[in-house]
Structure formats: C-alpha cells, structure tokens
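K.L.:
The structure is given below, and queries will be raised subsequently.
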Amino acid sequence: MTDIAIAVLVALIGCVFVLATAVVRSVWIVPQAKARNVERFGRYSRTLQPGISFIVPFVDRVKPLIDLREQVVSFQKSPVITEDNVVVHIDTVLFFQVTDPRAADYEIVDYIKAIEQLTATQLRNVIGTLDLEATLTSRDRINTALRGVLDDASGKWGIRVTRVEIKAIDPPSSIKDAMEKQMRAEREKRAAILTAEGVRQSKILTAEGEKQSAILQAEGSKQAAILEAEGQAIAIERVFTTIHRNDPDPKLLAYQYLQTLPKLAEGKGSTFWVIPSEVTSALQAVSQAFGGSIDRAVAPLQQAEAKKAEPSEQSERPHELTLHEAIPAAAPPATPLPPHEATPPYELAPGEDARQDAPAGLPAPREESVGR
C-alpha cells in the first residue's frame with residue numbers, strides 16, 4: 001500500500017511538471033519591433049507578431065528573434081581599381097531594414113554577410129568606370145548607384161537597403177603627395193593672383209588720389225593766383241589814384257629813392273648797378289635843398305661800392321655809372337617859371353647861395369625841412 005501511494009504521488013508530480021512545461025512552452029511574449037518564426041513539424045507555420053502569442057507545445061518550434069528596426073553595418077576597407085589604374089581603398093556604411101522575417105530567415109543564410117559581399121562587388125563595378133578625380137568628387141553618384149543595385153538584389157531576401165554611404169576613400173601615398181603639391185601650387189597661384197590684384201587696385205587708387213590731389217592743388221593755386229592778382233591790381237590802382245590825387249613833388253620821390261638805395265647795396269651780387277637819370281636829378285634837387293647833407297648820406301654807399309668794384313670791371317663797363325659818378329654828373333633841374341614871369345635862364349656860379357644871389361624878380365627857392 002505504501003509503495004502504491006508513493007508511485008501514484010510520483011506520477012502526479014510528473015504530470016504536473018509536464019503540464020506546467022506545456023503551459024510555459026505554449027505562451028510566448030514577443031517584444032516590440034521584433035518577430036519570431038514558428039515551425040510545425042519542421043515546416044514554416046507562421047510569424048509571431050509583437051505581444052503575447054500561444055503555440056502548441058511539443059508540436060510547434062519557435063525560432064530566434066529577428067530585429068525589424070533599421071540597422072547599420074560598417075564594412076572593412078576594400079581595394080578598388082579606378083579607370084586610370086589607381087588602387088584606392090574605400091570604406092562603406094550600409095543602412096538596411098528587415099521587411100519580411102520569413103524571407104530573411106529562409107531565403108538567405110546570413111543576409112549581413114551577403115550584403116557586404118554584394119556591396120564590395122557593386123563598388124568595384126561602379127568605381128571601374130570612373131577615374132581617380134571623378135571618384136574623389138562623385139560620392140553622391142556612387143552612393144546612388146550602390147543603393148539602387150543593392151536594393152534590387154536584396155529585395156527577395158526581405159531586406160530593404162535604405163542608404164549607402166562611402167565613409168573614406170584612401171588613394172596611395174604617392175597620389176596623396178602629388179595631390180598635396182597640386183593643392184599647394186593652386187593655393188599659391190590664387191594667393192599670387194590676389195596679391196597682384198591688390199597691388200593693382202592699390203596703385204590705381206593711389207594714382208586716382210594723386211590725380212585728384214594735383215587737380216585740387218592746381219585749382220587752389222589758380223584761385224590763389226587770381227585772388228592775389230586781383231588784390232595787387234586793386235592795391236596798384238589805389239596807390240596810383242592816391243599818388244595822382246595828392247600830386248607829390250620830386251623831393252618826396254627822391255627821399256623814397258634814398259630809402260631804397262641802401263637795400264640795393266646790401267645784396268651779395270650788387271657789384272655795380274645803374275641809376276636812372278631821374279634819380280640823379282632828384283638827388284641833385286635834394287642835395288641843393290638840404291645843403292650838401294646828401295653827400296654825407298651817400299658816402300657809405302660810395303665806400304661799399306668802391307670795395308666791390310674792381311679796375312677790370314670798371315674798364316670793361318665804362319657806359320655804366322656808379323652812384324658817386326652819377327650824382328656829380330647830373331645837372332640841376334631847371335625850375336620852371338610862371339608864364340607871366342618868364343625870363344632868360346639864370347645859372348648860378350659854383351658856391352653861390354640861391355637865396356642870396358638870386359636876381360630880382362625870381363622867386364627864391366623854398367626851404368623845406370625834413371622830418372627828423
């Protein structure tokens with residue numbers, strides 16, 4: 001009895017265990033964006049969608065999860081030969097998404113490896129039609145061509161290729177050195193051109209500025225000359241008008257000559273100079289009026305002239321008179337008489353006084369005082 005009870009208890013425990021295992025194996029929970037394929041007796045039965053699902057235990061077999069999200073795969077560098085026989089290494093990045101779990105599980109063994117090999121093959125086909133320069137500058141064209149080919153080939157695998165990107169293109173070291181030299185030469189060329197353009201513009205602007213400055217200076221000089229000439233004309237006109245209005249006598253003019261003669265003698269090149277006859281006449285009149293004081297005023301000039309003059313110059317220029325030669329040679333000006341008192345000319349002997357020895361009927365010379 002005891003043995004039978006123990007056997008029954010073990011059988012009950014075994015049934016409970018089997019029943020619990022069957023219940024556990026019949027309930028499956030699939031996460032979001034995942035899928036599972038179910039096989040019944042070795043054949044594909046259905047695909048479990050995200051959520052809770054029930055299967056027949058010990059009859060259905062659930063396969064591993066399949067990720068339905070977009071995935072990124074980076075492939076290693078692959079050597080590719082361009083049209084101009086240059087070997088370059090290209091890195092690619094592939095973006096794809098599983099759209100059909102059944103096809104991805106049963107149509108291809110390893111879809112990631114298959115996509116990698118297909119990408120390398122199509123990359124060689126596309127790059128083989130381009131030279132090195134076009135390869136380096138046509139990444140968008142290469143990406144579009146690869147995406148179209150891979151999308152068509154992977155469609156039957158339940159894979160949709162969303163994007164293909166070329167991450168890096170590495171040409172040989174010699175090509176890199178040549179490209180760097182070319183780039184350096186181009187940059188130096190552009191720098192030289194820009195420098196030349198800058199110098200040209202600078203010279204043009206400088207010339208324009210100098211031209212405008214010269215024009216403005218010329219305009220200013222013109223206006224200044226015009227204004228100066230107008231001022232001189234007005235000054236001369238006023239002086240001339242004032243002189244004629246006041247009617248100055250020869251003594252005033254002679255005094256002005258005397259004020260100017262010392263300035264003429266002070267010049268470095270004034271070895272000799274010519275005095276007009278009007279000056280000698282005026283000086284003679286002043287000499288008579290001042291009673292010989294003119295000789296004392298002219299004496300310093302005669303001494304300075306005697307030091308500067310040389311015998312050779314005096315012999316070479318006999319027609320030019322110096323100051324001490326011109327004054328004695330000048331004749332005294334005749335004093336005009338009124339018409340009603342006109343008489344024969346009367347000449348004074350040397351040393352005679354005009355006021356004492358003047359004949360009757362002739363007016364005595366006026367005695368004018370010079371302001372001291």
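The values are calculated or read from the model by the stated rules, or taken from the named source; none is laboratory data. On a predicted model such as this, the values are computed, not experimentally measured, just so you know. With ideal geometry, Cβ positions are generated from the backbone for all residues, glycine too; neighbour counts draw on all protein chains shown.
K.L.:
Test of understanding: among 128, 148, 198, which residue is surrounded by fewer than 16 Cβ atoms within 10 Å (Cβ to Cβ), modelled with pLDDT under 85 and either closer than 30 Å to residue 39 by Cβ or of a type outside the set (Val, Ile, Thr) (or both)?
P.N.:
Of 128, 148, 198, the one residue that is surrounded by fewer than 16 Cβ atoms within 10 Å (Cβ to Cβ), modelled with pLDDT under 85 and either closer than 30 Å to residue 39 by Cβ or of a type outside the set (Val, Ile, Thr) (or both) is 148.
K.L.:
Separate question: Has the range 6-13 got at least one residue that is of a type outside the set (Gly, Ala, Ser) and either within 21 Å of residue 103 (Cβ to Cβ) or surrounded by 12 or more Cβ atoms within 10 Å (Cβ to Cβ) (or both)?
P.N.:
Taking the range 6-13 first, the residues of a type outside the set (Gly, Ala, Ser) are 6, 8-10, 12-13.
Add one more test, that the residue is either within 21 Å of residue 103 (Cβ to Cβ) or surrounded by 12 or more Cβ atoms within 10 Å (Cβ to Cβ) (or both), and what stays is none.
No, the range 6-13 contains no residue that is of a type outside the set (Gly, Ala, Ser) and either within 21 Å of residue 103 (Cβ to Cβ) or surrounded by 12 or more Cβ atoms within 10 Å (Cβ to Cβ) (or both).
Every residue, every condition in (1) loosely packed, with under 12 Cβ neighbours inside 10 Å; (2) of a type in the set (D, E, K, R), yes or no:
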{"site": "40", "(1), (2)": "no, yes"}
{"site": "51", "(1), (2)": "yes, no"}
{"site": "68", "(1), (2)": "no, no"}
{"site": "88", "(1), (2)": "no, no"}
{"site": "107", "(1), (2)": "no, yes"}
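K.L.:
Only one residue in 165, 116 is touching a strand residue (DSSP E or B) at 6+ places or on another chain (Cβ under 8 Å), under 27 Å from residue 33 (Cβ atoms), part of a strand (DSSP E or B) and among the acidic types (Asp, Glu). Which one?
P.N.:
Values: 116 fails: part of a strand (DSSP E or B).
Sole residue among the options that is touching a strand residue (DSSP E or B) at 6+ places or on another chain (Cβ under 8 Å), under 27 Å from residue 33 (Cβ atoms), part of a strand (DSSP E or B) and among the acidic types (Asp, Glu): 165.
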